[in-house]
Amino acid sequence: MSAAHAYSIEPSAQPIAIAYRRRAHIPDFLRAPDAHALHSALTALPRWNTVTRSGDRHLDLDAAGLGQLAPGDQIRFEHAVHEGARRGFQYLFDNYPIADAYYAGTIVSEELGRLFEFLNSPETIAFAREVTGIPDIEFADAQATRYRPGHFLTEHDDAVDGKNRCAAFVLNLTRDWRADWGGLLMFIGDDGHVEEAFTPKFNALNIFTVPQRHCVSVIAPFAPTVRLSVTGWFRSGEDPLRKATHKG
């Protein structure tokens, strides 16, 4: 990709210090033309993975292939996913691994490549440090996500040993989403109640420090469109993918 960054933070999207709840909703994060170009890039992706868990194993499955399963196989697959959700942490949604594809040299969209460069630019890293108050942030990883009816992400806190996650982010890229379609980013308090929830508003950046208990509510069967976003984490230390790419 070009060293120049096509994306930039909308000047009106000034850093907002995270309050005592350690999260912020920043509307109109990108310049409007950039947000619309990114939305078009996501809708044009030729392949998505459907990700879920089987026991303790993460699964990457071909989304188009799953859609071609016989009805009985589809029912059995959904039953297994839902059984996992009843027992503990589970998820079901589509993704495109932006960071992995970028460093592997296989990224299929120049727009997504430029966005990844922007997320790791000095401008964005400085913005993330200012918003979160965490000076240790050094890089960002990223994936594109697509939630279709029935997709969800159950409660978790994003804390994983060795990942050095300082803050999570969600850049929302679905136009005209309604709260009753589901797909809300919900933060869970110690009493089990929802403390706060963010509807996926187009071109809004949600950012919150790790760890925090949160989930994404299930997409309603009557939702007429999909929930698109770019998600990831701002992390400390050296990016292991970049380090592996530059070995030798």
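Details
- The test for being farther than 27 Å from residue 212 by Cβ and modelled with pLDDT of 95 or more holds for residue 79.
- Looking only at segment 25-47, and only at residues there that are of a type in the set (D, E, K, R) and outside any helix (DSSP H, G or I), the one that is farthest from the chain's Cα centre (by Cα): 31
- Screening segment 152-180 for residues that are polar (S, T, N, Q) and part of a loop (DSSP other than H, G, I, E, B) and picking the one that is nearest to residue 36 (Cα to Cα) gives 174.
- Some residue of segment 137-147 being among the hydrophobic types (A, V, I, L, M, F, W, C), over 24 Å from residue 42 (Cβ atoms) and touching a residue at least 40 places away in the same chain (Cβ under 8 Å): yes
- Test: residue 183 is in contact with a strand residue (DSSP E or B) (Cβ under 6 Å, 6 or more places away or on another chain) and either crowded, with 22+ Cβ neighbours inside 10 Å or part of a loop (DSSP other than H, G, I, E, B) (or both): yes
- Any hit, segment 50-61, residues being in contact (Cβ under 8 Å) with a residue 12 or more places away in the chain, part of a helix (DSSP H, G or I) and either within 20 Å of the chain's Cα centre (by Cα) or crowded, with 16+ Cβ neighbours inside 10 Å (or both): no
- Looking only at residues in segment 87-107 that are part of a loop (DSSP other than H, G, I, E, B), at pLDDT 95 or above and out of contact with any helix residue (DSSP H, G or I) (no Cβ under 6 Å at 6 or more places or on another chain), the one that is surrounded by the most Cβ atoms within 10 Å (Cβ to Cβ) is 97.
The values are calculated or read from the model by the stated rules, or taken from the named source; none is laboratory data. A quick note: this is a predicted structure, and the numbers were derived from the prediction, not measured. In this analysis, Cβ positions are derived from the backbone assuming ideal geometry, glycine residues included, and neighbour counts consider all displayed protein chains.
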